[in-house]
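The values are calculated or read from the model by the stated rules, or taken from the named source; none is laboratory data. Note that the structure is a prediction, hence the values are computed from the model and not measured. Neighbour counts are summed over all protein chains in view; Cβ atoms, including those assigned to glycine, are modelled from backbone coordinates with ideal geometry.
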Amino acid sequence: MNTNKTIKEILNKRIMIIDGAMGTMIQKYHLSEEQYRGERFKDIEQLVKGNNDLLCLTQPHIISEIHKQFLEAGADIIETNTFNAQSISMEDYKMKDLVYEINLEAAKIAKLAAQEYTDINPDKPRFVAGAVGPTNRTASLSPDVNNPGFRAVTFNDLCVAYTEQVLALLEGGVDLLLVETIFDTLNAKAALFAINTIKEEKGIDIPVMVSGTITDASGRTLSGQTPEAFWNSLSHANILSIGLNCALGAKDMMPHISDISKVSWVYTTAYPNAGLPNEFGQYDESPEAMANVVEEFMKEGWVNMIGGCCGTTPEHIKAIADKAKKYAPREVPELALN
């Protein structure tokens with residue numbers, strides 16, 4: 001199967017559904033430090049609770065269960081549990097040496113779950129997107145206000161980290177790559193450079209999705225770009241789709257998705273949070289309330305793929321998927337379809 005062709009064929013017919021929040025679902029299990037460690041890492045010195053990507057090795061059945069809940073809810077695309085699974089972020093847990101294995105196993109877990117649901121209904125094939133997060137460092141900005149020229153990471157550092165992650169995801173069998181929650185476009189450029197280098201060297205044509213995040217009411221990314229500028233900076237990169245996720249709830253994301261849909265000549269995506277967090281950091285927006293807001297994205301013809309980020313559960317995704325059945329996908333300029 002030519003995955004790129006198949007996905008485009010589906011996108012031209014209907015709005016595809018992306019899954020919801022892996023982190024939110026993991027929190028529902030109330031895992032202890034010991035459960036995060038599992039038997040394999042029970043004697044290590046450092047604390048690892050909160051390293052959700054490690055659960056691909058220590059609690060794979062939980063990650064599989066979460067994938068299947070989103071697939072049952074109607075997700076066409078599930079994301080691997082690898083948001084922080086590159087050497088730069090894993091350094092915080094002193095687990096850089098596990099990066100390749102985590103990504104490989106994460107991809108395998110997700111692929112098995114997706115294949116199970118594809119086998120149940122071959123007319124609705126399910127796909128796995130290898131989740132490539134932004135890292136915990138920014139290449140464009142200094143973390144030291146007293147030294148604006150300082151950088152905590154270089155473009156080459158990012159390329160090396162992303163290359164290792166992407167190679168493992170590809171070996172694990174992902175169908176797409178998703179460079180997501182981009183707050184710094186230079187970080188994204190490093191990820192796309194690494195991906196495109198691998199694609200050229202291996203002679204493969206895997207679809208690549210890109211999703212930025214607007215950090216506040218300014219309507220800009222952390223590195224200062226508007227949605228239109230964000231698109232213009234990445235439009236050269238031979239990507240399947242561009243869009244926004246995280247940071248804002250659906251209501252606040254509306255004008256920014258509208259902006260991207262007007263200028264982009266590729267497919268567009270949106271997977272907002274379930275509203276804004278309360279004083280305890282929890283997301284209170286109900287599935288029905290979120291779906292009603294997201295329905296406007298579809299009614300206005302702004303999106304080709306829709307899903308959820310922080311706070312979104314299978315119930316949110318089911319409510320969104322039910323709404324999506326009523327609407328045609330955004331019409332993409334011919335340039336993207338040739």
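One residue stands out among those in the stretch 252-273 that are crowded, with 19+ Cβ neighbours inside 10 Å and among the aromatic types (Phe, Trp, Tyr): the one that is nearest to residue 23 (Cα to Cα), which is 271. Among the residues of the stretch 264-276, write down those that are at pLDDT 95 or above and more than 18 Å from the chain's Cα centre (by Cα). If the condition is that a residue be at pLDDT 95 or above and more than 18 Å from the chain's Cα centre (by Cα), then 264, 265 are the ones that fit. Just one of the listed residues (204, 198) is over 19 Å from the mean Cα position of the chain (by Cα), closer than 30 Å to residue 109 by Cα and part of a loop (DSSP other than H, G, I, E, B), and it is 204.
Of the residues making up the stretch 119-130, not one is within 19 Å of residue 209 (Cβ to Cβ) and free of Cβ contacts under 8 Å to residues at least 40 places away in the same chain. Among the conditions (1) touching a residue at least 24 places away in the same chain (Cβ under 8 Å); (2) within 17 Å of residue 101 (Cβ to Cβ); (3) assigned to a helix (DSSP H, G or I), residue 24 misses just one, which is (2). Of all residues in the stretch 52-64, those that are in contact (Cβ under 8 Å) with a residue 12 or more places away in the chain have Cβ atoms under 7 Å from Cβ atoms of residues that are assigned to a helix (DSSP H, G or I) and aromatic (Phe, Trp, Tyr), 6 or more apart or on another chain, in 54/36; 55/36; 58/36. Is there a residue in the stretch 317-327 that is assigned to a loop (DSSP other than H, G, I, E, B) and closer than 23 Å to residue 69 by Cα? Yes; the residues of the stretch 317-327 include at least one that is assigned to a loop (DSSP other than H, G, I, E, B) and closer than 23 Å to residue 69 by Cα. Within the stretch 77-89, residues that are over 16 Å from residue 126 (Cα atoms) sit with their Cβ atoms under 7 Å from residues that are among the polar types (S, T, N, Q) and in a loop (DSSP other than H, G, I, E, B), at 6+ positions apart or across chains, in these pairs: 86/135; 88/135; 88/136; 89/135; 89/136. Only a single item in (1) within 18 Å of residue 267 (Cβ to Cβ); (2) surrounded by fewer than 22 Cβ atoms within 10 Å (Cβ to Cβ); (3) not aromatic (Phe, Trp, Tyr) is not met by residue 188, and it is number (2). The residues on offer are 211, 286, 241, and the sole one that is of a type outside the set (Val, Ile, Thr) and over 18 Å from residue 133 (Cα atoms) is 286. Of the residues making up the stretch 153-187, those that are assigned to a strand (DSSP E or B) and β-branched (Val, Ile, Thr) number 3.
Looking at the structure I just gave you, is residue 247 of a type in the set (A, V, I, L, M) and over 23 Å from residue 14 (Cα atoms)? When the stated conditions are applied, residue 247 passes them. Residue 260 - would you say it is among the hydrophobic types (A, V, I, L, M, F, W, C) and in contact with a helix residue (DSSP H, G or I) (Cβ under 7 Å, 6 or more places away or on another chain)? Criteria met by residue 260. I want to confirm something. Restricting to the stretch 27-81 and keeping residues that are assigned to a loop (DSSP other than H, G, I, E, B) and touching a Gly at 6+ places or on another chain (Cβ under 8 Å), which single residue is surrounded by the fewest Cβ atoms within 10 Å (Cβ to Cβ)? Per the criteria, the residue is 59.
Would you mind stating whether residue 88 is under 17 Å from the mean Cα position of the chain (by Cα) and part of a helix (DSSP H, G or I)? So residue 88 fails the test. For residue 247, the criteria (1) under 28 Å from residue 6 (Cα atoms); (2) among the small types (Gly, Ala, Ser); (3) at pLDDT below 95 hold in every case but one, which is (1).
Per the conditions (1) under 20 Å from the mean Cα position of the chain (by Cα); (2) at pLDDT 95 or above, the sole criterion not satisfied by residue 3 is (2). Within the stretch 131-138, one or more residues are surrounded by 20 or more Cβ atoms within 10 Å (Cβ to Cβ) and at positive phi.
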